[in-house]
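Following: one structure in structure tokens, then a few remarks.
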Amino acid sequence: MDIAIVTGATGGIGYHTALQLAEDGKQVIIAARGRERGLAAAARTGGTWWELDLGDLASVRRFAQRFLESYGRLDLLINNAGVMAVPRRELTTDGFERQFGVNHLGHFALTGLLMPALRAAAAPRVVTVTSGLHRRGRIDFDDLMGERRYRQFGAYSQSKLANVLFALELARRTGLTSVLAHPGVAHTDLARTGSAMRDVIIRLVRLSAQSAEAGALPILRAASGPEVRTGQAYGPDGPGERRGRPTLIQVSGRGRDEAAARRLWSISEELTGVRYGTLTNAQ
Ligand SMILES: NC(=O)c1ccc[n+]([C@@H]2O[C@H](COP(=O)([O-])OP(=O)(O)OC[C@H]3O[C@@H](n4cnc5c(N)ncnc54)[C@H](OP(=O)(O)O)[C@@H]3O)[C@@H](O)[C@H]2O)c1
């Protein structure tokens with residue numbers, strides 16, 4: 001039986017992804033913080049909840065350690081969890097700006113720490129969930145954590161561009177299948193902590209939103225499609241990639257910038273203390 005980990009599967013896209021993977025016969029680990037929501041999602045999907053807070057590197061290390069000791073092999077990792085447009089700048093436990101820390105650095109560390117298990121699988125696959133907003137993103141290498149200037153959507157777009165750079169660099173550096181997917185615009189809890197400005201933008205965007213179940217389809221296609229190749233990206237086929245059936249899409253030019261990907265990779269290794277291949281115990 002294939003083993004799959006889905007981060008942030010307590011609701012939204014991750015929940016529907018986990019549900020379908022379990023129905024397809026995979027053994028699914030719901031990697032999420034919050035015992036109550038985690039156990040509820042596990043009961044509804046047929047998966048198992050394991051605690052993971054991507055905003056805390058110690059929690060990421062505990063999760064990975066437990067997984068390596070329990071299984072030793074991982075067939076599918078879905079880097080899905082995320083936070084969007086946090087109104088005021090917040091920090092993770094390790095002092096990273098929350099969106100960059102959770103959406104990118106947490107998944108960078110998790111994937112790196114799970115590499116021994118991924119390498120032990122016959123056909124390992126990593127799906128990293130980005131957003132159409134990665135196209136608006138810029139990696140501000142001089143102010144990655146928004147210390148000088150914090151913009152809630154700017155920080156989100158930066159983190160989602162970082163997801164793209166990471167997934168494509170992972171494809172280049174490792175032999176495993178690393179694929180990107182985005183759900184279009186889907187009704188989920190992503191916009192739960194509001195500011196007035198954000199609520200207006202989100203209400204407008206939601207007019208064209210699809211269900212969370214439909215939003216999970218590109219992720220499922222990337223996870224399970226036999227035709228999928230490393231370095232590809234999937235999203236909805238409708239106007240502006242906001243809704244529709246899953247199809248192969250192109251990421252932005254900035255997402256394909258290999259020099260930026262290498263630079264981000266080495267900064268991410270420094271910040272997390274996780275080095276792919278040779279894993280350190282720093283932090
Ligand atoms: N919905 C959309 O329209 C849309 C569009 C483009 C991209 N996306 C992407 O889709 C992915 C899923 O988002 P969603 O729309 O399904 O939103 P959601 O319903 O808010 O789900 C996000 C999940 O991430 C988890 N999470 C947040 N912070 C975490 C942390 N520190 N550690 C572990 N888990 C954490 C949440 O867990 P808790 O229950 O503990 O908060 C929740 O399970 C995200 O990567 C998002 O960027 C969504």
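No lab work stands behind these numbers, since they all come straight from the coordinates. Keep in mind the model is a prediction, meaning the values are calculated, not measured. Don't worry about glycine lacking a Cβ; one is built from the backbone with ideal geometry, like all the others, and counts go over all protein chains shown.
Mind checking the log10 I(q)/I(0) for region 18-153 at q = 0.09, 0.21 Å⁻¹? Debye, one equal scatterer per Cα, no solvent, two decimals.
-0.30, -1.34
List residues of region 224-249, by number, whose backbone nitrogen lies under 17 Å from a label position 7 Å along Cα→C-beta of ARG206.
243
Where is the GNM fluctuation largest for the chain (alpha-carbon springs, 10 angstrom cutoff): VAL28, VAL164, VAL205?
VAL205
Suppose R0 equals 30 Å; then what is the FRET efficiency for ARG245 and ALA196 from their Cβ-Cβ distance, rounded to the nearest 0.05?
Working: r = 35 Å, r/R0 = 1.16.
Efficiency, from the Cβ-Cβ distance: 0.30.
Per 0.36 nm of contour for each residue apart, how much would the distance between THR48 and GLN65 grow if the chain were fully extended, relative to their Cα-Cα spacing?
Value of the extension gain: 4.5 nm.
May I ask what percent, to the nearest 5, of DSSP beta bridges between residues of region 1-145 are antiparallel?
Values: 1 of 17 bridges.
Antiparallel: roughly 5 percent of the beta bridges in region 1-145.
Using a simple spin-label model with points 7 Å from Cα along the Cα→Cβ vector, what separation in nm is obtained for ALA40 and ARG89?
For ALA40 paired with ARG89, the spin-label model returns 3.4 nm.
Looking at region 3-272 only, what percent of DSSP beta bridges run antiparallel? Nearest 5 please. The partial results should precede the final answer.
Numbers: 5 of 29 bridges.
So the antiparallel bridges in region 3-272 amount to around 15 percent.
Note down the net charge around THR7, summing +1 for each Lys or Arg and -1 for each Asp or Glu among other residues with Cβ under 11 Å from its Cβ. Intermediate results must be reported in sequence, preceding the final value.
On the way: positive: ARG33; negative: ASP53.
Once all neighbours under 11 Å are counted, the net charge is 0.
Quick check on region 108-209: what are the equivalent-ellipsoid semi-axes from the Cα gyration tensor, as sqrt(5λ), descending, whole Å?
Taking √(5λ) for each Cα gyration eigenvalue gives 29, 18, 11 Å.
Under a GNM of the chain (C-alpha, springs under 10 Å), which listed residue has the highest mean-square fluctuation: LEU105, LEU161, LEU118?
Of the options given, LEU118 has the highest mean-square fluctuation.
Considering only the other residues whose Cβ falls under 14 Å of the Cβ of LEU19, what net charge follows from Lys and Arg at +1 and Asp and Glu at -1?
-1
Would you please give the residues with an amide H less than 5 Å from that of TYR234, counting only those at least 5 places away or on a separate chain, with H modeled from the backbone geometry?
Residues meeting the criterion, in which the H sits 1.01 Å from N, are LEU180, ALA181, HIS182, ILE249.
Specify the longest stretch of the chain that does not include any exposed loop site, a site being one of the GluC sites (Glu not before Pro) with a non-H, G, I, E, B DSSP assignment and at most 14 other Cβ atoms within 10 Å.
On the way: sites that count: GLU147, GLU227.
Counting at most 14 other Cβ atoms within 10 Å as exposed, the longest clean stretch of the chain is 1-146.
In nanometres, what is the gap between the two model label sites at ARG136 and GLU23, each 7 Å from Cα along Cα-to-Cβ?
3.3 nm
Determine ³J(HN,Hα), in whole Hz, for all residues of region 24-37 in sequence, where each value follows from phi through the Karplus function 6.51 cos²θ - 1.76 cosθ + 1.60 and θ = phi - 60°; x replaces Gly and Pro.
The phi angles translate into 6, x, 7, 7, 10, 9, 8, 9, 7, 8, x, 4, 4, 5 Hz.
Within region 223-243, what residues put their amide N at less than 20 Å from the label point 7 Å along the Cα-to-Cβ vector of ARG256?
228-237, 240-241, by backbone N distance to the label point.
I want the local charge near ALA259. Using Cβ-Cβ distances under 15 Å, sum +1 for each Lys or Arg and -1 for each Asp or Glu among the other residues.
+4
Take the alpha-carbon positions of region 3-272, form their convex hull, and give its projected area averaged over all directions (one quarter of the hull surface) in nm².
Answer in nm², one decimal: 12.8.
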